[in-house]
Structures are given as C-alpha cells and as structure tokens.
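A quick write-up on the structure given underneath.
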Amino acid sequence: MTTKPAGGGASHPGQGRGETGLNACLHMNSKVQQEDSGASTTDTLKLLVALAVLVAGVVGFYWFTEGHFAVRVLGLVASLLVAVGIGAMTGPGRTLRGFFGETRFELRKVTWPTRQETIQTTIVVLIVVVIISIILWLIDMMLAWVVRSLVGM
C-alpha cells in the first residue's frame, strides 16, 4: 500500500503526471541538465575571458621583444595561471578538477612494479627490439638484393 505525501503532491518526480520508474528518473535528469544549461552562459563568458587573458599574455610576450626575457616569461606564466584560475571556476573546470581528483585517488590503488620487475621488463623489451631490428635489416637486405637482380646492377 502506497501513501501520498501530505498536501496531495506526488511522492516521486513526474509521478503526478502518470510517469513512474525510468520515465520519472529521465524527466528528473532532464530537469537537472536544463538547470546546468542555465549557468552555461556565464561559463561561456568566463571561458572567453580566460581565453582573452591567455591571448593577451602571448601577444604581450611577443610584443615586448626588447624587454628582459625573464620578465616576458613571467608575464606569460602569470597570464596562463590567471586563465587557468578563471577556467577552473566554470562548470567544465569543476568537472575537470573532479576528474583529476578521482584520477589521483585511483593512482593510489595501483600496484606499481618493483625495481627488479621493471629492470627485467626493460631488458626483455630491449632484446625484442634488437631481434626485430635484425629481422627487418635482413628483410631489407633481401629486398635490396632482389631489386638489384631485377634491375641488373
């Protein structure tokens, strides 16, 4: 037996319109996406400002060629940092920060090879590279011999 919440409202989004289960969840997800798209205009503006700051830094780097190189590089790095800071405050920037945070968390779970395993694997790779190189050299020599025989040199 199901009960309706007080006030006669729907107990699940979309349920009042006859939507249940998956349809109600899809409707709720589309509402969330619509709310996110409302902030996309400001995100676009922020990203454009970040791009303008970055372009200004690059133009400034090449415009002031008579200035000291270290000062020009510092200005370029500063404009890059400001642009990244502005971009990080947007929706895609927050998503990217979250992705990097999750990546760092996942890297902690990785079982890294020991020094001995790394050395052994490197030696195997080098041996295989040498063997393949010799095989390709022999094929090249045979093809060169065939071509010389056909041409008559």
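FYI, it's all coordinate maths here, none of it is from the lab. If you're wondering where the values come from, they're calculated on a predicted model, not measured in any experiment. Ideal geometry is used to build each Cβ from the backbone, glycine not excepted, and the neighbour counts take in all protein chains shown.
In table form, for the structure just shown:
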read-out: Burial ranking of peptide ranges 113-126, 73-86, 55-68 (average Cβ count within 10 Å, highest at the top); value: 73-86, 55-68, 113-126
read-out: Leading residue at positive end of dipole, region 58-153 (Cβ point charges), from 79, 110, 64; value: 110
